[in-house]
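Here is the structure we will look at.
The values are calculated or read from the model by the stated rules, or taken from the named source; none is laboratory data. Since the model is a prediction, treat every value here as computed from it, not as a measurement. Cβ placement follows ideal geometry from the backbone for every residue including glycine, while neighbour counts extend to all protein chains displayed. The area values use the complete protein model at the heavy-atom level, side chains included, leaving out ligands, DNA and RNA. Shrake-Rupley method; radii C 1.70, N 1.55, O 1.52, S 1.80 Å.
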Amino acid sequence: MELEREKITTRLDKLVPLQSDTPLTEAVRYALLTGGKRIRPILLLRVCNSFGIPTEKALDVACALEMIHAYSLIHDDLPCMDDDDERRGKPSLHKQYPEWLAL
């Protein structure tokens, strides 16, 4: 699982490059790259592999799944929802960045 997790994290890092002129990409990277088990994309990769689809062909879809999951966690943490101050031991996105940016 660690090798798959590394591949997913490396690909996410390339899909969302840091752009110093916009706080949005910094916030997205904070939400996507601050850890996580990556269970959903790993499961997707394994299912694809069981059907003979190589990891490289399924990797972007797995990353998209992880992005959707990150989005759901960001919105779940917002003050109008669960109002969580931390996620994975770090400040929630709306605590680290302005709430409007998390939205």
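What are the residues in the range 10-45 that are without any contact (Cβ under 8 Å) to a residue 24 or more places away in the chain and more than 21 Å from LEU103 (Cα to Cα), if any?
Passing the criteria: THR10, ASP13, LYS14, ILE39, LEU43, LEU44.
Between a first residue in the range 78-101 that is on the phi > 0 side of the Ramachandran plot and a second residue that is not in a loop (DSSP other than H, G, I, E, B), which pairs have beta carbons less than 8 Å apart while being 6 or more apart in sequence or on different chains?
These pairs meet every condition: ASP83/ASP77.
Residues that are open to solvent by 50 Å² or more (accessible area, probe 1.4 Å): which helices (runs of 4 or more DSSP H) entirely in the chain hold 3 or more of them?
2-15, 23-33, 39-50, 55-77
Being within 15 Å of LEU3 (Cβ to Cβ) and hydroxyl-bearing (Ser, Thr, Tyr) is the filter here; which residues of the range 33-80 pass it?
THR55
Could you check MET67 against (1) under 10 Å from the mean Cα position of the chain (by Cα); (2) over 20 Å from LEU103 (Cβ atoms) and say which number it fails?
Just one mismatch for MET67, condition (2).
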